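Okay, handing you the structure first.
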Amino acid sequence: MNYRQLGKTGFKVSELSLGTWQLGGVWGTGFNHTSAQHLLEAAFDEGVNFIDTADVYEDGESEKAVGIFLAKKGSSANIKVATKCGKRINPFVNENFSPEVLRGHVEDSLQRLGIETIDLIQLHCPPTKVYYRPEIFGLFDRLKEEGKIQHLGVSVEKIEEGVKAIQFDNVTTVQIIYNLFRQRPDDYFFDMAREKNIGIIVRVPLASGLLSGKMTCETTFNPNDHRHGNRNGAWFDKGETFAGVPFETGLEAVEKLKEIFNGYDSLAQVALKWILLNKKISVIIPGASKAQHIRTNMRAGNILKFSDEQLQATQNVYEFVIKPHIHDIW
């Protein structure tokens, strides 16, 4: 495993880490704590020292599982934990965001995680208007003074939200979707973030599994899986599902990528390695529902090399198949 600095947090984190949206089971199938511990252990064995979770993942069960794992490993393991707050607000509108409500969410997360201080707390894709409210960001200065958090970050849907967020001095990281199908952040945002020493956390690196190369037009999903119910944004921002790419278009692009990387064992590894080539990135947080997926994903950094011809062909797939559908939206 290789390690990179997470912006001005000063943390050295595994460049491939673990996102826990799927921890404990495939989306929509419920939470299994035994499976969750197995996955966390597999990630730790591969050198992962950064875990990203959220208070809304399986209604807090993901945080509880991470807390159990932290207690089992002890402080000597030096695992950094990031969680998120704000998504529990319902209705999920700017007017319902307040320092008092968010403080309660942070304190609830501390209890579920079983820790005294959260390494990185992130606002969880709040409505755009929240980024124009200094009193919301000011809350986290007070929480830091109280020892309840170490650092503040944001998870964003749109690049423009990231641009606004990093104007607040206490924002240390931005979590954003970036992958072979979502390349605009590198055009417009990453250099700006690097100038301010902002850590970049990449989520949805495999486009909700599309870039695993294992899906076909016959693939079906559980009705409670966002890949079934959110393709048009019925549940939340549709950019979170398949990175916003229409499913059939994504499958077309994947077939072209398979031709370019014919002979490689795993398209998922290719997709992760492509992201790692960008040194502006601090950490990628692929999710996994099986330990074998973790073992395969975490080795992408060291085992693959690409030719210039492959990289150019990959870029052509984006330019001609994917870009017209999504580039200017997020």
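Throughout, read-outs are computed from the coordinates displayed, never taken from laboratory work. The structure displayed is predicted, hence computed values, not measured ones. We place every Cβ from the backbone using ideal geometry, glycine too, and count neighbours over all the protein chains shown.
Given the convex hull of the Cα atoms of region 1-80, what is a quarter of its surface area in nm²?
Spelled out: convex hull of the Cα atoms, projected over all directions, averaged, 5.3 nm².
Right, another one. Each residue of region 233-240 in order: what ³J(HN,Hα) in whole Hz does its phi give by Karplus 6.51 cos²θ - 1.76 cosθ + 1.60, θ = phi - 60°, with x for Gly and Pro?
Coupling constants for region 233-240: x, 5, 9, 7, 3, 5, x, 6 Hz.
Next question, about the same structure. Which one, 176, 51, 260, has the greatest fluctuation when you compute a Gaussian network model over the chain with C-alpha springs under 10 angstrom?
For the chain, modelled as a Gaussian network with Cα springs under 10 Å, the answer is 260.
Please list, by residue number, every one of the trypsin sites (Lys or Arg not before Pro) in region 275-330 that is coil in DSSP and has at most 12 other beta-carbon atoms within 10 Å.
Numbers: sites: 279, 280, 290, 295, 299, 305; in loops: 279, 280, 290, 299, 305.
Here the sparse-neighbourhood loop sites are 279, 305.
Would you mind calculating the relative contact order of the chain from Cα pairs under 8 angstrom and at least 6 residues apart, reporting the percent as a whole number?
21 percent
Based on the inverse mean of 1/r over its pairs of different Cα atoms, what is the Kirkwood hydrodynamic radius of region 124-277, in Å?
Radius from the Kirkwood sum: 17.2 Å.
Still on this structure: Please identify the GluC sites (Glu not before Pro) of region 175-252 that satisfy two criteria: DSSP loop assignment and at most 10 other Cβ atoms within 10 Å. Which are they?
Qualifying residues, ordered by number: 218.
Taking 8 Å as the Cα distance limit and 6 or more residues as the minimum spacing, I'd like the relative contact order of region 168-239 as a percentage.
Values: 54 pairs, mean separation 19.1, N = 72.
Reported as a whole number, the value is 27 percent.
Could you go through region 214-231 in sequence order and give the Karplus-derived ³J(HN,Hα) for each residue, using 6.51 cos²θ - 1.76 cosθ + 1.60 with θ = phi - 60°, rounded to whole Hz, and x for Gly and Pro?
9, 9, 9, 5, 8, 5, 10, 10, 3, x, 8, 7, 4, 6, 8, x, 10, 4
Can you work out the base-10 log of I(q)/I(0) for region 52-118 at q = 0.15, 0.20, 0.21, 0.29 1/Å, using the Debye formula on its C-alpha atoms alone?
-0.48, -0.77, -0.83, -1.31
Let me ask something else. I'd like the chymotrypsin sites (Phe, Trp or Tyr not before Pro) in region 232-286 restricted to DSSP loop residues with at most 16 other Cβ atoms within 10 Å, sorted by number.
Those satisfying the criteria are 235, 236.
Next up: Please compute, over every Cα-Cα pair in region 272-330, the percentage with a separation greater than 14 angstrom.
Here the tail beyond 14 Å accounts for 68 percent of pairs.
For a footprinting-style exposure proxy, rank 50, 320, 189 by other Cβ within 10 Å, fewest first. List each step's numbers first, then the result.
Details: 50 27, 320 11, 189 23.
So the residues, fewest neighbours to most, are 320, 189, 50.
Once you sort the root eigenvalues of the Cα gyration tensor of region 186-330 as a ≥ b ≥ c, which label holds: rounded (a/c under 1.5), prolate (a/b larger than b/c) or oblate (the other case)?
On the way: a/c = 1.31, a/b = 1.13, b/c = 1.16.
Judged from the Cα gyration tensor, region 186-330 comes out rounded (a/c under 1.5).
Follow-up question, since we're still on this one. With a 10 Å cut-off between alpha carbons and a GNM built on the chain, which of 308, 52, 119 moves the most?
Maximum among the listed residues: 308.
Something else: Quick check on region 196-282: take the gyration tensor over C-alpha atoms, sort the square-rooted eigenvalues as a ≥ b ≥ c, and tell me if it's rounded (a/c under 1.5), prolate or oblate.
Judged from the Cα gyration tensor, region 196-282 comes out oblate (a/c at least 1.5, b/c at or above a/b).
Using Cα centres only, tell me the gap between region 162-184 and region 86-139 in whole Å.
17 Å
With contacts defined as alpha carbon pairs under 8 Å and 6 or more residues apart, what's the relative contact order of region 228-304 in percent?
22 percent
Report, in whole Å, the centroid distance computed from the Cα atoms of region 301-330 and region 231-280.
If you average the Cα positions of each part, the centres end up 9 Å apart.
With the chain treated as a Gaussian network of Cα nodes joined by springs under 10 Å, which of 269, 167, 150 yields the largest mean-square fluctuation?
167
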